[in-house]
1. So the check is Cβ under 7 Å with 6+ separation or different chains; which pairs have a first residue in the range 115-136 that's assigned by TED's automatic domain parsing to the domain that holds A92 and crowded, with 17+ Cβ neighbours inside 10 Å and a second one that's at pLDDT below 80 and assigned to a helix (DSSP H, G or I)?
2. I'd like to know if the range 104-121 contains one or more residues that are of a type in the set (D, E, K, R), outside any loop (DSSP other than H, G, I, E, B) and modelled with pLDDT under 85.
3. Return the total of residues in the range 1-50 being out of contact with any strand residue (DSSP E or B) (no Cβ under 7 Å at 6 or more places or on another chain) and among the aliphatic types (A, V, I, L, M).
4. Sort out which residues of the range 48-72 are crowded, with 22+ Cβ neighbours inside 10 Å and part of a helix (DSSP H, G or I), and write them in order of number.
5. Please go through the range 93-103 and pick out each residue that is closer than 18 Å to E34 by Cβ, hydrophobic (A, V, I, L, M, F, W, C) and in a loop (DSSP other than H, G, I, E, B).
6. Quickly run through the range 26-41 and pick out the residues that are under 18 Å from the mean Cα position of the chain (by Cα) and either surrounded by fewer than 21 Cβ atoms within 10 Å (Cβ to Cβ) or not assigned by TED's automatic domain parsing to the domain that holds P55 (or both).
7. In the range 62-81, what count of residues is obtained for those that are farther than 16 Å from A158 by Cα and either modelled with pLDDT of 90 or more or hydrophobic (A, V, I, L, M, F, W, C) (or both)?
8. For the subset of the range 150-171 comprising residues that are over 23 Å from F70 (Cβ atoms) and modelled with pLDDT under 90, which member is surrounded by the most Cβ atoms within 10 Å (Cβ to Cβ)?
Amino acid sequence: MLTLVIPVYRNEGSLPDLVSVIDRLDDQLQQNLEVVFVVDGSPDNCYELLRKDLPTRKFRSQLILLSRNFGSFMAIRTGFQFGNGDRFAVMAADLQEPPELIVEMNSVLMSQEVDVVVGVREGRDDPLLSRLASKAFWGLYRRYVVPEIPLGGVDMFACSKHFRDTLLTLEERHSSLIAQIFWLGFRRTTVTYKRQKREHGKSAWTLRKKINYMMDSVFAFTDLPIRLLTRVGATGSILAFLFGLMVVWAKLHGEITVPGYAVTILMITLLGSLNLMGLGIVGSYAWRTYENTKNRPLAIPMRVEQFGGPA
């Protein structure tokens, strides 16, 4: 059986189409599908709509309501924990990824000796600015953090039960689930698709969430910011030493007659800013380490209900 995990947040408009698509998927998979909807503290009526609709559907399903918004990655982890399948897949609720890809990934898992199937975008029907920003982010991420990650990022993937079990052992609060997939290794293959334009509602993937995701992705998997800061500090120290020699030479030869107040203030400000930036970067690593020592649950399921299944 395949367990399909779908995190739900502000997807009220797309739910009717989503549930109808899953009905067709269930037929294609010969009623061998379980769907776990994880409502991630959504402020709209997603939970109420699913709670009313799912009992009327023939496919197996679970409906999990988290106590608040923990983020899509934690919602996916929760769905993995409650899923009962032999294989697992993840799909977004906004239907921007083709649902038929789930059938293809499931087929690959069953027919090939692989543990993970990753959906790789060949293109995306998004605004130009969004495409450029995504390309720049994933290009830098591939170069400096996880070289194996696809250029367009990953929104859909499927895996074996053994891989799911191993993934759940990584109990990191501030991290990237996608980077964890590639960090774990295992036998991996890809399938390609084109991302579709969003038809319902507005994306909840705000700029603030993108920045937080970028910071979590970088700080959890590389010490690049610390190494960059060390290099900047070393370069600045060398330049400051050379500048000091020039000042001493100029002073001895009478070239400096007026105290360099502006230059002094400028250098103090610059070096003070670099120190604050360094403290911030190191503090970010320290904070994430501290958060992981609290042993708080990564997500809190408030309600768990099951529907459907064979009579």
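1. Hits for this filter: R124/R131.
2. Keep residues of the range 104-121 that are of a type in the set (D, E, K, R), which gives 104, 113, 115, 121.
Filter again for outside any loop (DSSP other than H, G, I, E, B), leaving 104, 121.
Subsequent filtering for residues that are modelled with pLDDT under 85 retains 121.
The answer is yes, given that some residue of the range 104-121 is of a type in the set (D, E, K, R), outside any loop (DSSP other than H, G, I, E, B) and modelled with pLDDT under 85.
3. Total meeting the criteria: 5.
4. L50, S72 - these are the residues of the range 48-72 that are crowded, with 22+ Cβ neighbours inside 10 Å and part of a helix (DSSP H, G or I).
5. The answer is A93, and nothing else.
6. G41
7. Of the residues in the range 62-81, 7 are farther than 16 Å from A158 by Cα and either modelled with pLDDT of 90 or more or hydrophobic (A, V, I, L, M, F, W, C) (or both).
8. Taking the range 150-171 first, the residues over 23 Å from F70 (Cβ atoms) are 150-152, 160-162.
Still in the list and also modelled with pLDDT under 90: 150-152.
Details: P150: 16, L151: 12, G152: 20.
Per the stated criteria, the residue is G152.
The values are calculated or read from the model by the stated rules, or taken from the named source; none is laboratory data. No experiment lies behind these values; they were computed from the predicted model shown. In this analysis, Cβ positions are derived from the backbone assuming ideal geometry, glycine residues included, and neighbour counts consider all displayed protein chains.
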